1. Here are the criteria: (1) part of a strand (DSSP E or B); (2) at pLDDT below 90. Tell me which single one residue 202 does not satisfy.
2. Specify the residue that is surrounded by the fewest Cβ atoms within 10 Å (Cβ to Cβ); the eligible residues are those in the range 210-223 that are in contact with a helix residue (DSSP H, G or I) (Cβ under 9 Å, 6 or more places away or on another chain) and over 24 Å from residue 267 (Cα atoms).
3. Working only within the range 238-267, note down all residues that are within 13 Å of the ligand (Cβ to nearest atom) and surrounded by fewer than 23 Cβ atoms within 10 Å (Cβ to Cβ).
4. Starting from residues that are assigned to a helix (DSSP H, G or I) and free of Cβ contacts under 8 Å to residues at least 12 places away in the same chain, keep the ones in the range 398-445 and report whichever is farthest from residue 369 (Cα to Cα).
5. Out of 44, 55, 32, 100, I need the residue that is within 14 Å of the ligand (Cβ to nearest atom), closer than 23 Å to residue 228 by Cα and either touching a residue at least 12 places away in the same chain (Cβ under 8 Å) or touching a helix residue (DSSP H, G or I) at 6+ places or on another chain (Cβ under 8 Å) (or both). Which one?
6. Is it true that residue 114 is over 17 Å from the mean Cα position of the chain (by Cα), more than 16 Å from the ligand (Cβ to nearest atom) and on the phi > 0 side of the Ramachandran plot?
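The values are calculated or read from the model by the stated rules, or taken from the named source; none is laboratory data. The structure presented is a predicted model; accordingly, all values stated were derived computationally and were not measured. When we count neighbours, we look across all protein chains shown, and the Cβ atoms used for this are built from the backbone with ideal geometry, even at glycine.
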Ligand code: PFF
């Protein structure tokens, strides 16, 4: 059968921006700051950066190299490397199939908040309190579905336009705006100070110190390991590894592209944006709500705590709120595009169909699952116990199944395949093609990580997800 023509990025810049766009998402802007706040800032950041440079680098390099070596999407790529690992292609493809719809549901929440701020209606968020606005919105089956469809519509159109005219072009427009927005908002946040009703004045610089300086007071071994596991989980989430995306984007690179230097830049952008997001969120919440505000800001941080802070900023809060949700919108959209592209590419490569058909199949399935997830807060409301002892709605169940179970399984088996079956050289040789200098940096590190350290950490994460492992 004649091979369907595959797209490709026009050069390294397109690849770097699209891949950074995939990596930079809700993980950086929402998850990283609240984990950093929960885990005491500095120490979490230190561990996180070390993990990105070692563990994250290893997984990202392996997947991008597999993508370029095989030239196909994840569904077939693993089998092309070793027939016995064909099943892994299926699991790796199922991950974005599940994540994409619920990521678009959260994207819909961002559309609602962004639209409300940009249209000057922020007072409707504040009237009955940001918490009530959020619960009322997600439990409204009509508006939540409309916002979900709007967000998914944007992603679908871009994927439909293809690799060069859609994904690359959109990334080249959205990513520079995203960088400017986050740097601008971070600079503004650092100028903030506020005196509360008790006459206590707090400045952003004090908040920055809490964020950046490691606090070893009261640190126990079990606390240290819990921070280590949080940082490892976050690193996965943030780099978009183990979900077929890196294989897909790697398959669109040219042999003359220097993958090693591209990967360094992608890591730098992803970590830089996460650190800047923390630099915005933590000092801002600290200035207006003190350390108690930081302690109580969990996952609801973006949709409840931050709007409450924007309200306290007065008129500037409307502007900052609008710019902030625009930033989050771009970040989430470029990630959603990559999730949809991983699924679309797999369908195109496996079934040799044209892009519009593959995109339509992914769109159709995602509508069904996405609507069910939206209804999980209203018509289909249920509280489902999770293996880690918490209780969640449908979205939490899908998030748990993918991020806590399937992702570590895919990553673990990828390490086994590359480290022990096809051997690290099958990846390193691919990376050497197009590499400008004679030596590869972090080559020995790659071998040790992929064979020993990464599988061990992944196994611990998996056992922990089932509550089968705990540090004292
Ligand atoms: N890496 C992106 C983010 O940080 O948001 C994309 C992503 C990661 C999407 C994990 C979904 C997911 F479960």
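1. Going through (1) part of a strand (DSSP E or B); (2) at pLDDT below 90 one by one, residue 202 breaks only (2).
2. Quick first cut of the range 210-223, residues in contact with a helix residue (DSSP H, G or I) (Cβ under 9 Å, 6 or more places away or on another chain) only: 210-216, 219.
Next, only the ones that are over 24 Å from residue 267 (Cα atoms) stay: 210, 215-216, 219.
Numbers: 210: 18, 215: 12, 216: 9, 219: 13.
The selected residue is 216.
3. 267 - this is the single residue of the range 238-267 that is within 13 Å of the ligand (Cβ to nearest atom) and surrounded by fewer than 23 Cβ atoms within 10 Å (Cβ to Cβ).
4. Here is the first cut: in the range 398-445, the residues assigned to a helix (DSSP H, G or I) are 398-421, 425-432, 443-445.
Subset that is free of Cβ contacts under 8 Å to residues at least 12 places away in the same chain: 425, 429, 432, 444.
Details: 425: 40, 429: 40, 432: 41, 444: 43 Å.
Across the range 398-445, the extreme among qualifying residues is 444.
5. Working: 44 fails: within 14 Å of the ligand (Cβ to nearest atom); 55 fails: within 14 Å of the ligand (Cβ to nearest atom); 100 fails: closer than 23 Å to residue 228 by Cα.
Going through 44, 55, 32, 100 in turn, the sole match is 32.
6. On the way: over 17 Å from the mean Cα position of the chain (by Cα): yes; more than 16 Å from the ligand (Cβ to nearest atom): yes; on the phi > 0 side of the Ramachandran plot: no.
Judged against the criteria, residue 114 is not a match.
For every residue, the table says whether it meets (1) at negative phi; (2) surrounded by fewer than 20 Cβ atoms within 10 Å (Cβ to Cβ); (3) free of Cβ contacts under 8 Å to residues at least 12 places away in the same chain.
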position	(1), (2), (3)
309	yes, no, no
312	yes, yes, no
316	yes, yes, yes
330	yes, no, no
337	yes, no, no
349	yes, no, no
359	yes, no, no
364	yes, yes, yes
369	yes, yes, no
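Condition check ((1) in contact with a strand residue (DSSP E or B) (Cβ under 9 Å, 6 or more places away or on another chain); (2) crowded, with 18+ Cβ neighbours inside 10 Å) across all residues:
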| position | (1), (2) |
| --- | --- |
| 204 | yes, yes |
| 226 | no, no |
| 230 | no, yes |
| 236 | no, yes |
